[in-house]
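Readers should treat all values here as calculations from the given coordinates under stated rules, not as data from a laboratory. If you're wondering where the values come from, they're calculated on a predicted model, not measured in any experiment. Here Cβ is always computed from backbone atoms with ideal geometry, including for glycine, and neighbour counts include all displayed protein chains.
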Amino acid sequence: MGQTEFDKDIKGKLEQRLLKPSEHSWDKLSNDLKAIEAKNKKTNLKRMLVAAAVIAALFVVYFNVSKNKEVPIIVNVPTDVESNNEHIQGITKQEDIKVVVETIIEQTPKSTSQKITLPKNADKVVNKIDSEVKPEAIKVELNQLEKTVSIEDQKVKEVVAQINELKKLNKEVTDEEIEMLLLEAQRSIHAQKIMQQSSGMASADVLLMEVETELDQSFRNKVFEAIKSSFGTVKTAVVQRNN
Amino acid sequence: MTSFLKVIQLHKNEATLIQRAIKHNREAQQLLYAQYAPKMLSVCRYYISDLQYAEDVMLRGFFKVFAHLKSFKGEGSFEGWIRKIMVRESINYLRKQKLVEFAIEDVEIKTEISDDTLEVGIEVEQLQQLIDELPEGYKMVFIMYAIEGYKHQEIATLLKISVSTSKSQLFKARKLLQERIKHLNKTSYGTN
């Protein structure tokens, strides 16, 4: 059932009609539009202020959080540093820092890259080491270390020569005799080290303390390795001669 | 050809006016109002008997038009878009006034439709008066269907009634209106 002719006639009549609004109708509408636009502007301003406040608050919170956040530091440090943390915490003077550097060089030639969390004081010490220890000082320390190593090698040779002499004289060398030789050589090495460290002046107390220390295992090993190799050389010579 | 160019020019002017009105240009808004207000007041008057109330409803409609002008996508005519807003405003007004009552019972709709044509002599205002005198339910469905061109499904959705109620209201409205027009013609011109 669509529109009938009757419907169309009525529509045609009514559509032709135009009704003039009252004179002040536009003013009334205009005032209403002004009011709503002003209200919208206020609302927009409020929203912008709220948004700005929220953004500012977020910025402040982010700034504070990022400020307080402890960033883990990745540094190249020797493996033993972690165990020496307590020692490092107490270090503040430049002389102490030199000692630390020396200890690090002596104790572990191998350095590994690993993630460690240092205490706040340690950060300062590490920074201090970076800034205050001059490369020249490190060079001097390394030279001293090389000298010490060469002294040890020399002593090893001396001890081996002495043992060989004893072998020639007595044909048999007792453990006690070897122990005595090693101790003497150890004392001599320590004495020379102390002389080097204190620029030629040996302290009696330090000497006494060093004498009391036990025989260094690394030195002992070196000597035994040297004897073993010399024995091997002699053995080979004897075999070749017999052949 | 000249009239076609005029239509294009008019459309271009209207589009420009709409764009300016979106930006709260008061002059553009006033020009659009002046162009469409007489027609829209007439539309509101179809539904609302009192001209003053019809104007208030029309002003509320225009207020919504300008407030939501951004949502006009240019699909269909601008006049059609405004007109829909006016119809809805008029329906809302009548609903708020609780003037609309729909008979719940569905009458048997006869397939035979009296297809009488409107008598030539009847004036628009007389016709409007006859429409005004219809029950509100009849009147709304008749105007929406016969004049605005809504489908029964659309009317049912807008008025929150069933499609069959819409159909029965239309049937009754037509029948009643035809009888009254005939009666008017009899008394005025002595015809039939």
Rounded to a whole number, the mean other protein chain Cβ count within 10 angstrom for residues of A:24-33 is 5
When the Karplus curve 6.51 cos²θ - 1.76 cosθ + 1.60 is applied with θ = phi - 60°, which whole-Hz ³J(HN,Hα) does each residue of segment B:87-93 get, with x for Gly and Pro?
4, 4, 4, 5, 4, 4, 4
Please give the average number of partner chain Cβ atoms lying within 10 Å of the Cβ of each residue in B:146-158, rounded to a whole number.
2
For peptide B:33-39, the mean count of other chain Cβ atoms within 10 Å per residue Cβ is 3
If amide hydrogens are placed 1.01 Å from N in the peptide plane, which non-local residues have theirs closer than 5 Å to the one on B:ILE48?
none
Residue by residue through segment B:28-43, what is 3J(HN,Hα) from phi via Karplus (6.51 cos²θ - 1.76 cosθ + 1.60, θ = phi - 60°)? Round to whole Hz and write x for glycine and proline.
5, 4, 5, 5, 5, 4, 4, 6, 10, 4, x, 5, 6, 5, 5, 4
